[in-house]
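What follows is a short report on a single structure.
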Amino acid sequence: MENKNLLEDSSDFDQLKKYAKDIAEVYKSEKQRRKELQAAYKELKETRDMLIQSEKLAAIGRLTAGVAHEVLNPVNIISMRLQLLSMTEELSDQARNAVTICKDQLDRIVEITKDLGQFSRVYKKHTTVSDLNMVIGHVLTLYAPQFKIENIRTDVQYHPDLPSIQLERDRFEQVLLNIISNASTSMAGQEVKMLDIVTKSVKSGDYVQVIISDTGAGINQSNMDKIFDPFFTTKNPDQGTGLGLFISYSIIKDLGGRIWAENREPKGASFYIELPSAKNIDN
């Protein structure tokens, strides 16, 4: 019996084509499924990290409720005694200078306690519909003299049709200033000092995003999970308290958004802030 050539049989050839097409569809489907699973895993990890950070916020809130009161009581007493001492006429210049230094450090303690105090009380938000591009522009105007002193160049790319967002403008500007200040410190001593800011609409216009990047030293990978922790800092003790990013995280969280950081190539770091648009909040 003569062997049958499969390719010459049109029905068998069509069947093979169908099988090949089915296999290609399965492969495509599996590839898409893997992509979706990877995205879901990433989102789950980010949600877990946010929950962990929220627990830290709650813990620090419980702690500071009592600590702030206990710390400020002796601080007030010391401050009053220093004021009385500074009014003494026979005080030497050296002693008067020492009193001034002590008063300055007491003021610093009070400011740190105030920063911590915001986590131990219920905060009533007063948001208004704002244009993110205009808010960023205002902050950059405030920081312009410092950019000139430190020889930092800026490259700002505003999304032209950015959706409006609900903001507590003063608190959000504090976040921007914290990140810009950290970026400036990170770029100290670098040959190229460049601050890049980009705004964009993401997730079909339901969210807006601002990305603030620098050409500094970047973030040590072992510190990436700690940068939003209270009192964590790589700065010298006289340069920061380690509360700036912790407070920034809390503010963005209160606004229904999220904030994270990534290192950039070839060097430097980028901070991402994502906030719901006003229409997303209304819905």
**Report entry** Cα gyration tensor shape for the range 199-273, rounded if a/c is under 1.5, else prolate or oblate
**Finding:** oblate
Report task. Return one whole number: the accessible area per residue of the range 131-283 in Å², for a 1.4 Å probe. Result -> 49
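Counting only protein heavy atoms and a 1.4 Å probe, tell me what percentage of the range 153-283's accessible area is made up of carbon and sulfur.
44
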Query - Check: the range 177-283 dipole with +1 on Lys, Arg Cβ and -1 on Asp, Glu Cβ, in debye - result: 80
Query raised in the report: Using alpha carbons only, what's the Rg to Rh ratio of the range 75-224 with Rh from Kirkwood?
Result: 1.11
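The values are calculated or read from the model by the stated rules, or taken from the named source; none is laboratory data. None of the values given here were measured: they were computed from a predicted structure. Reconstructed Cβ throughout: ideal geometry from the backbone, glycine too, with neighbour counts over all protein chains shown. Keep in mind that these areas ignore ligands, DNA and RNA; they rest on the heavy atoms of the full protein, side chains included. Shrake-Rupley method; radii C 1.70, N 1.55, O 1.52, S 1.80 Å.
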